[in-house]
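The next block holds one structure in the form of structure tokens; read it before the comments.
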Amino acid sequence: FGLDLHHRFSDTVRRWWPQKGTADYYAALAGHDRGRLTFSDGNQTIRINSLGFLHYTLVSLGTPNVTFLVALDTGSDLFWVPCDCTSCAPDFDFNIYSPNMSSTSQTVPCNNSFCQGKCSVGSQCPYNVEYVSEDTSSSGFLVEDLLYLTTEDKVVKAPIVFGCGRVQTGSFLDSAAPNGLFGLGMDKVSVPSTLTSSGITSNSFSMCFGRDGIGRISFGDNGSSDQEETPFNVKSTYNISVTGIGGGNSRNVGFTALVDSGTSFTYLADPAYTSLSKSFNAQVNDKPDSSIPFENCYHISSNETRVQLPDLSFTTKGGGKFPINDPIVIITDEQQHQYIYCLAVIKSTKLNIIGQNFLTGLRVVFDRERMILGWKKFNCDVEDSNPLPVDPRNNPPSTAFGPKSYTPEA
């Protein structure tokens, strides 16, 4: 007898799947794809508090491959690393990329669709990206080289375009992303977009943010049928609509917000900021403190061993409940030798940003094919050994820091 062999994603096999476009279809796709495409050094991510309270992971570039510790940023598009530096972060023992040291590196020509800046024929295609943090930017020129990824059974060498970052300013020189920033946005230059257009993976990825600072990232993860969901408002950013704030007395407050893993703490403008603050304060019985940059702060009583977290959540467009599992940050008052906890939200004049801290305890799915954000409470424990150069268990979720030692948002 004969036996025909078919690839698991072939039409012959997929005709036995649930109808395309249904929840069950995407659940089946996620079951096949989840975790099978990630970085060659592993899908582990880690929040490093001393580097801006952002999640970092290891990526390998070039031939021979060089490893970088990069911050993961859904709020920007371009992936860049320090490269033949004129001005890069000092005092860090990290790798620097050089096109001349990689046999697979290529310059991006002026007629390339990724080249948006002024460019003369025969010259390097320049880039300059400015970020929300004051005076924070990266500039240099675009290059193409190999990014090393892995599936369950093989290594994938994906050609990508990224920034050779010669000049960094602001937060990139000390407190955040000193070894590069991995833009995960929707623009065609982003790595998720490149992987999709090349047919390497489906147009979706997930990030998991563990309570202990350990997480995961997986490309091609379309989520699960039991996750909560809400649609993206525009096709250029991960912007969602919030219709209410739950916890204590629920409030109908409508606003839109960017879901941004590259912003350490959440930013809200009024009326959302005041509404969330009222919900938080109504559930707290401790003595308030006004000496910290955050507005809603309380003393931890000396006889308390833990903080009772208030019940807070967002209601999103479509009715999905987005839980706020870790709404506080704990700060050391060195003069009084005591601890203070604060609602880790910064009052903004106009921007609403759901930052990395409000993503804690969730697997968040950025499904760019269906244009939805999905989320589910999730245990992000990584079974494999952690290759990252920091032990996250020495940096618990609410690690204390001095009020003047950190400027939020990368």
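The values are calculated or read from the model by the stated rules, or taken from the named source; none is laboratory data. Predicted, not measured: the structure shown is a model, and the values here were computed from it. Don't worry about glycine lacking a Cβ; one is built from the backbone with ideal geometry, like all the others, and counts go over all protein chains shown. The area values use the complete protein model at the heavy-atom level, side chains included, leaving out ligands, DNA and RNA. Shrake-Rupley method; radii C 1.70, N 1.55, O 1.52, S 1.80 Å.
Points to keep in mind about this one:
- The dipole here belongs to region 228-377: it is taken about the Cα centre, uses +1 on the Cβ of Lys and Arg and -1 on the Cβ of Asp and Glu, and is about 580 debye.
- The share of accessible area on region 38-219 that comes from carbon and sulfur is 47 percent, using a 1.4 angstrom probe.
- For region 228-377: accessible area per residue (Å², 1.4 Å): 44 Å²
- When each of the peptides 372-381, 169-178, 212-221 is scored by how many other beta carbons lie within 10 Å of its residues on average, the order from highest to lowest is 212-221, 169-178, 372-381.
- A cut-off under 15 angstrom between Cβ atoms defines the neighbours of G185, and their net charge, with Lys, Arg +1 and Asp, Glu -1, is -3.
- Counting Lys and Arg as +1 and Asp and Glu as -1 over every other residue whose Cβ lies under 15 Å from the Cβ of Y273, the net charge comes to +2.
- Magnitude of the charge dipole for region 38-219, about its Cα centre and with charges confined to Cβ atoms of Lys, Arg (+1) and Asp, Glu (-1), is about 360 debye.
- Set of lysines near K350 by C-alpha distance (under 28 Å), chain-local residues within fewer than 8 positions excluded: K188, K235, K278, K317, K321, K404
- Region 228-377 - percent of accessible surface contributed by carbon and sulfur, probe 1.4 Å: 46 percent
- In this structure R368 has an accessible area near 20 Å², from a 1.4 Å probe over the protein heavy atoms.
- Charge tally in the Cβ shell below 15 Å around C164, where Lys, Arg are +1 and Asp, Glu are -1, C164 excluded: -2
- Think of a 1.4 Å ball rolled over the protein heavy atoms: region 38-219 then has 38 Å² of accessible area per residue.
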